[in-house]
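Encoded as structure tokens, the structure appears first; notes follow it.
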Amino acid sequence: MHVVATAGHVDHGKSTLVLALTGMDPDRFAEEKARGLTIDLGFAWTTLPSGRQLAFVDVPGHVRFLKNMLAGVGAVDACLFIVAATEGWKPQSEEHLRILEVLGARHGLVALTKVGLVDDDDRELARLMISEAVEGTFLEQAEVVEVDAPTNRGLEEMRAALDRLLAATPVSVDRDRPRLWVDRVFAAKGSGTVVTGTLAGGSLGVDDDLVVVPLGRRVRVRALQSLQQQRQAVPPGSRVAVNLTGVAHDEVARGAALVRPDQWQPTRMVDASLAVLAGLDHEVSARGAFQAYLGSGEHAVRVRVLGGEAILPGDEGRVRLHLPVRVPLLPGDRYVLRESGRDETVGGGVVLDVAPVLAASKARPTLSVDRVIEERGWVDAAELDRITGEHRDATVGRWVVSVTARAATLDRVRAAVEAAGPLGLDQASLDDHERAVLPLLEGVTVDAGRVRQADAVDPLAGHPFVEALAAAPFTPPDPPPTVSRAELSELVRRGLVVAQDGCYFAPSALEAAAREVARLLAASPEGVTVAQVREALATTRKYALPLLARMDADGVTRRRGDLRIGGPRLPAV
Ligand SMILES: Nc1nc2c(ncn2[C@@H]2O[C@H](COP(=O)(O)OP(=O)(O)OP(=O)(O)O)[C@@H](O)[C@H]2O)c(=O)[nH]1
Ligand SMILES: [Mg+2]
């Protein structure tokens, strides 16, 4: 299926032609029918001679309803540009063409309508006006088909031309990242909220869990329709009506978007290119009240020109846009900028960065993903995906890291490890990025939570205090003043020394004590006293008590009244 938007000046015959081609009147409202004027978007569809399905989004031509026109032309594949032979090229012919250009339209067809009302000279004049006006635009090579809807003249040629147009128009790409810009919302009798839109970027299916942006509400797809047919799933490039559970119809409005949760990073600040229309009679600067048209939405924006003060008519520059609500955008999305005070289209451009990190005075946005990585240094691979729409494999841990940032972090950690000396540094003192580069550091080992140089001689190996403790297991010496508190706690932390109630023991002393107690208990299974243990170990209460306390804690012994009995960790005799 393809979706084609109409375009063209008011009263030039857009809706009449859509009706003639589809048999469906796109003017839905009584007021539209009464006034013979399209106010809001209309929808109609038909099957072309080739069997191709074609849905029309019919837009209003009147300048007062331009925002409705803008809501309809965002996601379409091609346009049917209408010019009445009676009037030729008019202001909204020009404005609509400019808007389509700014939105990156590439495919289109021109209908010269009302040819039954003019003579050959006027018809030729209108053709001439068209060919001059479309010069240098995407419509330059477009076919011009003459029609007169009330007399059915040219309708067959029009259908054939539409078939040729769509044969040359690529179908909407499937990036597995669906986004439905909502253009209508209504309450369906008995089935809750229905939103409609032109689906792009990926498919939607019944039971999909989605989120409504900017509302931020989780919703579920209860049912799907495309061209009034119930569907289990619809591909991108379809007109679709989505029946949602989880949201009331008055909580969603045109301009909202339906996307998958976690696939987008809705933003209130974007950097973008801005091509200012050549026909504008003033430059564009931060001054003025602007409206940005993004997807089907209209948003009051604050504009800041990047790398300068103003952009001249006919020039292209870069701007930072501040939006009033979060919008799910990706680099490459197009927008139109209008000035509300003067009610004029200023230009538009391409979104370049949806999550700028540099100050406006430094930002030089481009579409390059490498630029994003370079500016951020470290970027979570999943986040990079959400903000660029492109997947890059993580290079360190879960991050994609720029060459510079990677080198800087490596240098920082290397220097810190060197500075820490032979004892190394506590791994917990490193941040996530620093920890992630540890495996990349040559000659650095991580051992029991300490990061140190692998070739560093461990000053604790063969430490004199450790040797002294081992030499007098049950009457161990106090730490000499030469052993600093830090050194002592490091010895304890590494298990080279056991600290208990102000005494210090060699680990081998505890093992020996456990064996001795096991031997005593083998002889007196009912239990042994502190005095018995003290005697057996040939020590004093000062050391026997902490040794027993430690053995209790380790599960070697258990207290029962004044006695010690065997615990689960009592060694076998
Ligand atoms: N004779 C003749 N009349 C036409 C033709 N197309 C449209 N009309 C008449 O022109 C008037 C305006 O037509 P619409 O189709 O409403 O024009 P529109 O472009 O949709 O107008 P807006 O949506 O308001 O911008 C109607 O009275 C139509 O009957 C045509 O090809 N020949
Ligand atoms: Mg109309």
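The values are calculated or read from the model by the stated rules, or taken from the named source; none is laboratory data. In this text the structure is predicted, and so the values were computed from the model without any measurement. Cβ: placed from backbone, ideal geometry, glycine included. Neighbour counts: every protein chain shown. When the accessible area is computed, the model is the full protein with side chains, heavy atoms only, and any ligands, DNA or RNA have been set aside. Shrake-Rupley method; radii C 1.70, N 1.55, O 1.52, S 1.80 Å.
Computed from label points 7 Å out along Cα-Cβ, the spacing between Asp122 and Glu390 is 5.3 nm.
So for the chain, averaging the separation of alpha carbon pairs under 8 Å that are six or more residues apart and normalising by length, what relative contact order in percent results? Mind dumping the intermediate values first?
Working: 1204 pairs, mean separation 45.1, N = 573.
It comes to 8 percent, rounded to a whole number.
Each of the peptides 317-324, 237-244, 529-536 was scored by the mean count of other Cβ atoms within 10 Å over its residues; in descending order, highest first, they stand as 237-244, 317-324, 529-536.
I'd like the FRET efficiency for Asn152 and Gln232, computed as 1/(1 + (r/R0)^6) with the beta carbon distance as r and R0 of 56 Å, rounded to 0.05. The calculated FRET efficiency here is 0.90.
Taking each pair of distinct Cα atoms in the range 456-573 once, what is the resulting Kirkwood hydrodynamic radius in Å? Before the final figure, lay out the partial values.
Working: mean 1/r = 0.0675 Å⁻¹.
Kirkwood hydrodynamic radius for the range 456-573: 14.8 Å.
The order of Ser524, Ser226 by accessible area, most exposed first and with a 1.4 Å probe, is Ser524, Ser226.
Could you run the Debye sum over the Cα atoms of the range 33-76, one equal point scatterer each and no solvent, and tell me log10 of I(q)/I(0) at q = 0.14, 0.23, 0.24, 0.31 Å⁻¹, two decimals? Debye curve over Cα of the range 33-76, log10 I(q)/I(0) at q = 0.14, 0.23, 0.24, 0.31 Å⁻¹: -0.40, -0.79, -0.82, -1.05. With Cα atoms as the point set, the range 304-364 shows a radius of gyration and Dmax of 12.2, 33 Å.
Rounded to the nearest whole Hz, the Karplus-based 3J(HN,Hα) values (6.51 cos²θ - 1.76 cosθ + 1.60, θ = phi - 60°) of the range 195-210 follow the sequence 10, 10, x, 9, 7, 9, x, x, 8, 10, x, 4, 6, 4, 8, 10, with x at glycine and proline.
Suppose every Lys and Arg Cβ carries +1 and every Asp and Glu Cβ carries -1, with no other charges. What dipole size does the chain come out with about its Cα centre, to the nearest 20 debye?
Working: 66 positive and 77 negative charges, 528 e Å.
Once rounded to the nearest 20, the dipole reads 2540 debye.
Direction-averaged shadow area of the convex hull around the Cα atoms of the range 104-243, nm²? Hull-based average projected area comes out at 11.6 nm².
The ellipsoid that matches the Cα gyration tensor of the chain has semi-axes, each √(5λ) in whole angstrom, of 79, 28, 18, with the longest given first. Between Thr137 and Ala253, the simple spin-label model (points 7 angstrom out along Cα→Cβ) gives 3.1 nm.
Based on the alpha carbons, how large is the Rg to Rh ratio for the range 292-429 when Rh follows Kirkwood?
On the way: Rg = 20.1 Å, Rh = 17.8 Å.
In the range 292-429, Rg relative to Rh is 1.13.
What per residue convex hull volume, in Å³, do the alpha-carbon atoms of the range 35-180 yield?
On the way: hull volume 18.4 nm³, N = 146.
Enclosed volume per residue, from the Cα hull, is 126 Å³.
Summarising the amide proton neighbourhood of Gln265: residues at separation of 5 or more, or on other chains, whose placed amide H is nearer than 5 Å comprise Leu329.
A compact globular protein would have a Cα radius of gyration near 2.2 N^0.38 Å; the ratio found for the range 169-273 is 1.03.
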